[in-house]
Amino acid sequence: MERVAAALPVLTTERLVLRELTPEDAGPLHDVLGDPETMRFYPHPYSRDEVAAWIEWSRRSYERNGFGLWALVLRETGELIGDCGLTVQDVDGESFVEAGWHVHKRLWRQGLATEGGTASRDHAFEVVGVDRLISLVRVENEPSEGVARKLGMTVWRHTQRAGFDHFVFSLDRREWERRRSSGA
């Protein structure tokens, strides 16, 4: 377990802190994004240089959009266990804000992606002010499909990305507000 110096929290949940990624996060984030099993729905696991570029891409998004993928950190230990947050994605020529997540495989099936994703979803509607939030999920990626559904998303479209079929899960503001008012 590698502990890294922390930027200020962007979001906190019961078990997690989501904060801006820093260049110092490259090692622990490579443990996640460089893992073949974790990245099996991507074209390939990321090299250390690709993880550093991923962090810089996220940092440019913070400046440009006011959000990005954030470091996913366990509150109890300070350990970086992945990333989670919001990005701008092009889907068939239209730009949408996407909620995305990656969690270290030793912590899968503990609800951490859903917890971070829920905080990111609510931030997208409450602070960013989106009318529609999406998640791009490879059609065979059942775990991420499950997270998207737990966030209240349903399949809205299909698209191709990097030569792979993807579901475009979506949640619009009206449905998000309805779910919040009903406690769903």
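Per-structure values
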| quantity | calculated |
| --- | --- |
| Most mobile listed residue (P45, P143, P28) in the chain, GNM with C-alpha springs under 10 Å | P143 |
| Positive minus negative residues near D35 (Lys, Arg vs Asp, Glu; Cβ under 14 Å) | 0 |
| Distant-in-sequence amide H partners of L69 (H built 1.01 Å from N, under 5 Å) | L86 |
| Full-stretch length increase - W57, R157 - with 0.36 nm per residue and alpha-carbon distance subtracted | 33.4 nm |
| Gyration tensor verdict on region 1-107 (Cα atoms; rounded if a/c is under 1.5, prolate if a/b is larger than b/c, oblate otherwise) | oblate |
| Largest-first ellipsoid semi-axes for region 9-182, taking √(5λ) over the Cα gyration tensor eigenvalues, angstrom | 23, 19, 16 |
| Cα centroid of region 46-75 to Cα centroid of region 109-167, whole Å | 18 |
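Read the figures in this text as sums done on the coordinates, not as results from a lab. Remember, it's a predicted structure, so these values are computed and weren't measured experimentally. Neighbour counts run over all protein chains shown; Cβ positions are idealised from the backbone, glycine included.
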